[in-house]
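Notes follow once the structure below has been shown.
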Amino acid sequence: MRTDLPRRAAYEAVAAVHRDGAYANLVLPAILRDMRLYGRDAAFATELTYGALRHEGTLDLIVGAAAGREVARIDPPARDALRLGAYQLLHTRVPAHAAVSATVDLVRSVAPGATGFANAVLREIGTQDLDAWIAKVAPPYDKDPTAYLAVADSHPQWIVRAFNEALGSDLDETTRLLIEDNQRPPVHLCARPGRVDAVELADEVGGAPGAFSPYAVYLPGGAPGDLAAVVEGRAHVQDEGSQLVAAALVNASLDGPDARWLDLCAGPGGKAGLLGALAVERGAEVTAVEVAEHRARLVSQATRGLPVTVLHQDGREELPEPAYDRVLVDAPCTGLGSLRRRPESRWRRQPSDLPPLTRLQRELLGAAFRAVRPGGLVAYVTCSPHLVETHVTVTEAARRSGLPVDLVDARPFLPAGMPGLGAGPTVQLWPHRHGTDAMFLALLRRG
């Protein structure tokens, strides 16, 4: 029997993620194009792919319990197909008989010897709903709330602990964050200042103006890269939180000259594009530094026609002309703040990733302190709420720099009335509070 194409597309994407280390947001569009899937079929394949990857850890526990063996002992093709089948049974409105039948057909095509096994496992999974399975495979909440939430909301335990710590050990709010992390996020556009107004852009693309950033537009769906405004350079795809932290650096009060700005980790170019557009309005110029050659090319493409000079070098190296007025450090990080956009990343990241990343973050922030002029501003930004990557990195980098730097309260430079910004001086944005990625912002002034 011929496997239906949307499920086959989802299987190929999930298999590529596990087999090749691919990223779903990159590999799936190509698969959909190759299979000529559009509209509802493409949406269904996308839902299956992203859903199965987001919930992988919990699905594996359930598949393992239903199979009577650990999922590591199931051959990879059958394992990936069972994940997709379990997701349909437990997380979608697909009728159980259709989910089982279609998944068995899929297994027959990718792992023929496992057809009977898959049928038995899926029928066992279909005997209980998701809540019942969670009660079966998760430890009791009252005995180990972190372990329970990790299973119930499909996040590794170490990430749940990190989120809970960043939220002041508020388990209720941590739960809200985990739930939001599992929702499919909207696409955000940035209307480039001076090239298009956000309201005009929203009307043009059938979207809605953002809640906080004056440049943000929320898209209902579709392929943003095909929009005329994006192709023509009047807008680019960028999470609203990224827009807010970049704009905060530009909005922050500054004494003295204000003509030379620096983006120290510029790839792939979203923030450099916004800074460049704002620089036109302010009579400033931007230097954008990127260590990876292919990402430096992306920055050049993203800033074409703007007063942006791209340097292909390590941001930790001495720059040709230091003494910048404003410096942005959007440091490489674990990306824990954008897990909803990268479904496989929560299962790939490990606590062992933190030491080399935080060392790099400290070194880049130290380089920023050296590159900014006395009285100038540095914005340290990271798409992770992990305290080691935020507060600890800022404190340690300032201490080790040997330069006089002071934190500036960042809250006044975000939109007036924006809720949930905390006590300052730093700002942590959250998906469940603000609808943005979990961006962290610290503003520092060199003495």
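Annotations for the structure displayed:
- Proximal charge balance of Val196 [Cβ under 12 Å; K/R count +1, D/E count -1]: -2
- Across the chain, the mean sequence separation of Cα contacts (distance under 8 Å, 6 or more residues apart), normalised by length, yields a relative contact order of 12 percent.
- Charge context of Leu177, other residues only, Cβ under 11 angstrom, K/R +1, D/E -1: -3
- Shown for region 393-447 is the translational diffusion coefficient from the Stokes-Einstein equation, using the Kirkwood radius over Cα pairs, a temperature of 37 °C and a viscosity of 0.692 mPa s: 267 µm²/s.
- In order through region 64-76: 3J(HN,Hα) via Karplus (6.51 cos²θ - 1.76 cosθ + 1.60), integer Hz, x for Gly, Pro: x, 5, 5, 7, x, 7, 5, 4, 4, 8, 9, 4, x
- Taking other residues whose beta carbon is less than 13 angstrom from the beta carbon of Leu167, and scoring Lys, Arg as +1 and Asp, Glu as -1, yields -3.
- Rg/Rh (Cα only; Kirkwood hydrodynamic radius) as it applies to region 33-110: 0.97
- Computed extension length for Leu407-Glu318: 29.7 nm, one decimal, from 0.36 nm per residue of separation with the Cα-Cα distance subtracted.
- Bridges between two residues of the chain, per DSSP, are antiparallel at a rate of about 55%.
- Loop-resident GluC sites (Glu not before Pro) (DSSP state other than H, G, I, E or B) in region 7-93 with no more than 15 further Cβ atoms inside 10 Å of their Cβ: Glu70.
- Overall form of region 103-205 per C-alpha gyration tensor (a/c, 1.5; a/b vs b/c): oblate
- Shown in residue order for region 368-377 are the 3J(HN,Hα) couplings computed by the Karplus curve 6.51 cos²θ - 1.76 cosθ + 1.60 at θ = phi - 60°: 5, 4, 6, 7, 7, 6, x, x, x, 10 Hz (x for Gly and Pro).
- Mean projection of the Cα convex hull over all viewing directions, computed for region 187-237: 2.9 nm².
- Integer Hz, Karplus 6.51/-1.76/1.60 couplings in order for region 306-320, x for Gly and Pro: 10, x, 10, 9, 9, 10, 8, 7, 6, x, 7, 7, 5, 8, x
- Packing here is the average count of other Cβ atoms within 10 Å per residue, and on that basis the peptides 262-274, 106-118, highest first, run 262-274, 106-118.
- Stretch gain in nm, segment Ser109-Asp226, where the contour uses 0.36 nm per residue and the Cα spacing is subtracted: 38.7 nm
- Region 251-446 - Kirkwood radius from inverse mean 1/r over Cα pairs (Å): 17.0
- Selection of GluC sites (Glu not before Pro), region 194-291, meeting DSSP coil and at most 14 other Cβ within 10 Å: Glu232
- From the C-alpha gyration tensor of region 138-181, square roots of 5λ in Å: 14, 11, 9
- Geometric descriptor of region 331-447, per residue, is 98 Å³ (volume of the convex hull of the Cα atoms).
- Kirkwood-type radius of region 315-357, with distances r between different C-alpha atoms, in Å: 13.2
- Note that region 288-371, at 20 °C in a medium of 1.002 mPa s, gets a Stokes-Einstein diffusion coefficient of 146 µm²/s from its Kirkwood radius over C-alpha pairs.
- Amide H within-cut-off set for Val405, under 5 Å, with H built and near neighbours excluded: Gly447
- For the chain, radius of gyration divided by Kirkwood radius, i.e. Rg to Rh on alpha-carbons: 1.00
- Region 27-95: trypsin sites (Lys or Arg not before Pro) in DSSP loop, at most 14 other beta carbons within 10 Å: Arg36, Arg69, Arg93
Each value in this text was obtained by applying a stated rule to the coordinates, not by laboratory testing. What you see is a predicted model; the values in this text were computed from it and never measured. All Cβ positions, even for glycine, are placed from backbone atoms using ideal geometry, and neighbour counts span all protein chains on display.
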